[in-house]
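Enquirer: Following this message is one structure expressed as structure tokens.
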Amino acid sequence: EMGSVPEGWRVGTIGNICYRKRNLVEPISLGEQLPYVGLEHMPQHHMVLDRWGSSEDITSTKISFTENDILFGTLRPYFHKVGLSPINGICSTDILVGSPIDPDYLALVLCYLSSDEFVAYSNSASEGTRMPRAKWDHMKKYSVVIPSKEITIQFNVIINSILSQIKENINMNYSLKEIQNNLLPKLMSGEIEV
């Protein structure tokens, strides 16, 4: 049913190449402000997250994630909110945090989890009428073709170089916004002249 599989490749599931992280965090235990990702920060149909808020006003339990984790919005999964994290932080419990079992699988896992087919599959078994939620127990059974180790490594190197540039651009944009937010009030008040 997967069609022809190249020699040296194999059929498996998402659960064979990706696992779910569930590191629950209480806001009182943070001790410092961290980037916070809610569903409202996640763009639709993007592979890399480019917005986030702050944990400053968070009062309920959240999930911690690290750079290069893949965040998947499980609430109303048909909105297709999936993306690679360019930062460490915490996120809503309506977001599933996935991580490749092997770092060489990162690009492969990201491509599978952000595909229209996987999002539709996840949505097909979501539970709830008004607020449907995708479930990891169903998601991890999604059938995939897993390339040979050599091909996987080559693919990961190519895609990672692109992802690194995207993440660098996102972080630079955040730095420039901070500079703008600091300078603009001083320019408007006349404290600094151009």
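The values are calculated or read from the model by the stated rules, or taken from the named source; none is laboratory data. The model shown is predicted, which means the values in this text are computed figures rather than measured ones. Neighbour counts are summed over all protein chains in view; Cβ atoms, including those assigned to glycine, are modelled from backbone coordinates with ideal geometry. For accessibility, only protein heavy atoms count, side chains too; no ligands or nucleic acids. Shrake-Rupley method; radii C 1.70, N 1.55, O 1.52, S 1.80 Å.
Enquirer: Being farther than 27 Å from residue 63 by Cβ and either touching a helix residue (DSSP H, G or I) at 6+ places or on another chain (Cβ under 7 Å) or open to solvent by 70 Å² or more (accessible area, probe 1.4 Å) (or both) narrows it down to one of 106, 96, 176, so name that one.
Expert: Details: 106 fails: farther than 27 Å from residue 63 by Cβ; 96 fails: farther than 27 Å from residue 63 by Cβ.
Within the list 106, 96, 176, the selection yields 176.
Enquirer: Which is open to solvent by 60 Å² or more (accessible area, probe 1.4 Å), closer than 23 Å to residue 154 by Cα and not polar (S, T, N, Q), of 112, 78, 19?
Expert: Numbers: 112 fails: open to solvent by 60 Å² or more (accessible area, probe 1.4 Å); 78 fails: closer than 23 Å to residue 154 by Cα.
Going through 112, 78, 19 in turn, just one is open to solvent by 60 Å² or more (accessible area, probe 1.4 Å), closer than 23 Å to residue 154 by Cα and not polar (S, T, N, Q): 19.
Enquirer: Follow-up. Any residue in the stretch 95-112 that's touching a residue at least 60 places away in the same chain (Cβ under 8 Å): show its pairings with residues that are aliphatic (A, V, I, L, M) and assigned to a helix (DSSP H, G or I) at Cβ separation under 6 Å, as long as the two are six or more apart or on different chains.
Expert: 100/106; 100/109; 101/17; 105/17; 109/17
Enquirer: Let me ask another. For residues that are out of contact with any Ser or Thr (no Cβ under 8 Å at 6 or more places or on another chain) and open to solvent by 10 Å² or more (accessible area, probe 1.4 Å), scanning just the stretch 81-93, find the one that is farthest from residue 122 (Cα to Cα).
Expert: Only one residue fits best here, namely 87.
Enquirer: Just to be sure, is residue 166 within 23 Å of residue 71 (Cα to Cα) and β-branched (Val, Ile, Thr)? So that I can check it myself, show each step before the final result.
Expert: Numbers: within 23 Å of residue 71 (Cα to Cα): yes; β-branched (Val, Ile, Thr): yes.
Against the criterion (within 23 Å of residue 71 (Cα to Cα) and β-branched (Val, Ile, Thr)), residue 166 qualifies.
Enquirer: Considering every residue within the stretch 27-48, establish whether at least one is open to solvent by 50 Å² or more (accessible area, probe 1.4 Å), out of contact with any His (no Cβ under 8 Å at 6 or more places or on another chain), farther than 26 Å from residue 174 by Cβ and at pLDDT below 90. Give the derivation first.
Expert: Keep residues of the stretch 27-48 that are open to solvent by 50 Å² or more (accessible area, probe 1.4 Å), which gives 28-29, 31-33, 40, 44-47.
From the residues that got through so far, the ones that are out of contact with any His (no Cβ under 8 Å at 6 or more places or on another chain) too are 28-29, 31-33, 40, 46-47.
Going one step further and asking which of them are farther than 26 Å from residue 174 by Cβ, we end up with 28.
Those left that are additionally at pLDDT below 90: 28.
Scanning the stretch 27-48 turns up at least one residue that is open to solvent by 50 Å² or more (accessible area, probe 1.4 Å), out of contact with any His (no Cβ under 8 Å at 6 or more places or on another chain), farther than 26 Å from residue 174 by Cβ and at pLDDT below 90.
Enquirer: Go through the residues of the stretch 180-194 one by one and say whether even a single one is on the phi > 0 side of the Ramachandran plot and open to solvent by less than 50 Å² (accessible area, probe 1.4 Å). It would help to see each step written out before you state the result.
Expert: Going through the stretch 180-194, the residues on the phi > 0 side of the Ramachandran plot turn out to be 190.
Filter once more, keeping what is open to solvent by less than 50 Å² (accessible area, probe 1.4 Å): 190.
Within the stretch 180-194, one or more residues are on the phi > 0 side of the Ramachandran plot and open to solvent by less than 50 Å² (accessible area, probe 1.4 Å).
Enquirer: Of everything in the stretch 6-16 that's closer than 21 Å to residue 106 by Cα and part of a loop (DSSP other than H, G, I, E, B), which residue is most open to solvent (accessible area, probe 1.4 Å)?
Expert: Restricting attention to the stretch 6-16, the residues satisfying the condition of being closer than 21 Å to residue 106 by Cα are 6, 8-16.
Cutting the leftovers down to part of a loop (DSSP other than H, G, I, E, B) gives us 6, 8-9.
Values: 6: 60, 8: 57, 9: 89 Å².
It comes out as 9.
Enquirer: In the stretch 49-75, which residues are closer than 21 Å to residue 172 by Cα, among the charged types (D, E, K, R) and open to solvent by 50 Å² or more (accessible area, probe 1.4 Å)?
Expert: 50, 51, 67
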